[in-house]
Amino acid sequence: MVSKGHDYDHSSFLAMCASFEGIETTLVEHPAAQTVLASDDAKRYDVVFFYDMCGIPGMDLPHDNSAGRGAPNAQYAQAIEGLLKRGVGLLLINHATVSWANWPLWRDISGSSFMLAGGELRGQTVPGSGYRGGHGPLASATIDLKPQGKHPVLAGLADGFAITDELYLKTDLYGPHVQPLLRGDYTFVAEHFTPPPLAPAAERASWQHPPGSDLIVWANAVEKSPVVVSDVGDGPLAYDNPAYRRLLQNALHWLGSEEAKSWARTATGQ
């Protein structure tokens with residue numbers, strides 16, 4: 001598990017991870033995580049769980065060695081590329097999807113359309129993404145998550161579950177390129193969200209956003225690696241939710257399986 005760069009309740013988060021059946025976890029923070037993932041020790045792990053926030057343009061964050069460029073240094077980039085070549089499963093939760101904003105490969109990995117500020121995405125100009133909850137002025141929202149078909153990641157979740165957590169307002173430009181797992185029953189419109197906090201002041205002052213995507217959890221494939229991504233997972237109301245714990249436990253088991261690796265290779269033609 002890779003963390004740092006975003007505040008979270010460590011005790012609650014680690015209690016959730018300790019509850020995962022049949023999974024042994026090791027937590028490493030940046031910048032040490034960059035050295036570990038670039039070493040032979042990384043080959044001992046079946047899955048890498050990203051719960052970090054790095055590479056925010058213009059912010060010289062000492063933990064990520066990015067010098068504010070919004071992209072990783074060469075050593076860390078090569079380490080991530082190595083994971084993809086080996087087919088290691090990757091799990092990205094909440095703020096991990098907004099890392100490395102100027103690194104196209106991280107966008108490919110997450111598949112997310114979350115934008116820290118307005119810009120170009122898949123050849124289209126889109127606004128910065130809105131957010132609700134977490135550490136912002138609007139409270140976290142309660143949302144019903146509905147399974148999209150059958151998948152090992154959804155095992156035991158029946159008709160879905162409710163969760164109270166941070167939400168993002170983002171375009172649906174990513175939806176056709178990933179496999180939907182859970183959609184949220186919520187009205188994703190601008191009046192329910194705040195402007196992107198890291199966007200320029202002028203953009204925040206005049207911020208508008210079209211109705212957004214309801215896709216909250218999805219699977220993706222990059223090179224040989226299966227990937228699972230969840231927008232929700234910001235705080236203890238998520239960590240302590242038994243259904244959310246089951247979701248992540250399922251995701252970790254699936255990501256480390258030969259079934260998931262085979263699916264990824266087929267999806268990407270590797």
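The values are calculated or read from the model by the stated rules, or taken from the named source; none is laboratory data. From a predicted model like this one, the values you see are computed outputs, not experimental measurements. Cβ atoms come from the backbone with ideal geometry, glycine included; neighbour counts cover every protein chain shown.
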| remark: Restricting the range 192-237 to residues that are touching a strand residue (DSSP E or B) at 6+ places or on another chain (Cβ under 7 Å) and β-branched (Val, Ile, Thr), the one farthest from ALA139 (Cα to Cα) turns out to be VAL227
| task | Please identify the pairs in which a residue from the range 77-97 that is of a type in the set (Val, Ile, Thr) has its Cβ atom under 9 Å from the Cβ atom of a residue that is part of a helix (DSSP H, G or I) and surrounded by fewer than 21 Cβ atoms within 10 Å (Cβ to Cβ), counting only partners at least 6 apart or on another chain. | result | ILE80/LEU105; VAL88/ALA42; VAL88/LYS43; VAL88/GLY82
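Take the conditions over 29 Å from GLU29 (Cβ atoms) and in a strand (DSSP E or B) and apply them to ASP159. Does it pass?
No.
Residue-wise test of (1) under 14 Å from the mean Cα position of the chain (by Cα); (2) at pLDDT 95 or above.
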site: GLY175; (1), (2): no, no
site: VAL178; (1), (2): yes, yes
site: PHE193; (1), (2): no, yes
site: ALA199; (1), (2): no, no
site: PRO211; (1), (2): no, yes
site: ALA219; (1), (2): yes, yes
site: ARG246; (1), (2): no, yes
site: SER257; (1), (2): no, yes
